[in-house]
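The next block holds one structure in the form of C-alpha cells; read it before the comments.
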Amino acid sequence: MSIHENLLGGPPPTHLPDDPEPRELLANGTAPADVAAKYPTSSLAWAQLADDAFERGSVVESYAYARTGYHRGLDALRRGGWKGHGPVPWEHEQNRGFLRALHALARAAQSIGEQGEYERCSQFLKDSSPTAAQTLG
C-alpha cells in the first residue's frame, strides 16, 4: 500500500499542475483582465475578475467571469485525471483558482436568485474541499 492511498476507498485527491505565470502576474499587480487575456485557461485570473466585479456590484458580470473560471477549472481537473468527484484540496495552491471560481459562481447565482445553481455549486465546493468552503465562506 502506498502512503498516498486513500484508506476510505474514494478517488485520490486531484492536484492541478503548477501554472506560476498568472499567479505571479496577479501578485505583482497586473490587471486581472490582462492576465485572463494572456492566460485564458487560468481559473485564478477569472476568479479574480469575478471577485472584483462582485465587489463593485456587477453581479451578472461576476457570474459570467466565475462561470468561465469554473469551466476552465473543470477542463484542467479532467486533464488531471479527475472523474467528476473526489477531493480537490484547497491546501494545494494550484487548486485555488478553480475553487475560488466555484465559490464565486455560487455567490453570484445566489445574488441573482438562481437558487438551484447556488445550492449545487455550494455543495460541490463543500464536497471538493471542506477547507475551501470554510475559508471562502
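The values are calculated or read from the model by the stated rules, or taken from the named source; none is laboratory data. Model, not experiment: these values are computed from the prediction. Cβ atoms come from the backbone with ideal geometry, glycine included; neighbour counts cover every protein chain shown. Note: accessible area is taken over every heavy atom of the protein model, side chains too, but ligands, DNA and RNA are not part of it. Shrake-Rupley method; radii C 1.70, N 1.55, O 1.52, S 1.80 Å.
The number of residues in segment 59-84 that are open to solvent by 40 Å² or more (accessible area, probe 1.4 Å) and closer than 13 Å to Leu125 by Cβ comes to 0. Taking every residue in segment 86-110 that is in a helix (DSSP H, G or I) and at pLDDT 95 or above and pairing it with any residue that is surrounded by 24 or more Cβ atoms within 10 Å (Cβ to Cβ) and of a type in the set (Ser, Thr, Tyr), at least 6 positions away or on another chain, the pairs with Cβ-Cβ distances below 6 Å are Gly97/Ser43; Phe98/Ser43; Leu99/Ser129; Ala101/Ser43; Ala101/Tyr70; Leu102/Tyr70; Leu105/Tyr70; Ala108/Ser62.
Residue count for segment 27-51 satisfying the condition of being open to solvent by less than 50 Å² (accessible area, probe 1.4 Å), farther than 16 Å from Asn95 by Cα and assigned to a helix (DSSP H, G or I): 6.
Only a single criterion out of (1) surrounded by fewer than 22 Cβ atoms within 10 Å (Cβ to Cβ); (2) under 14 Å from the mean Cα position of the chain (by Cα) is not satisfied by Phe98, namely (1).
Is there a residue in segment 7-14 that is modelled with pLDDT under 95 and open to solvent by less than 40 Å² (accessible area, probe 1.4 Å)? Scanning segment 7-14 turns up at least one residue that is modelled with pLDDT under 95 and open to solvent by less than 40 Å² (accessible area, probe 1.4 Å).
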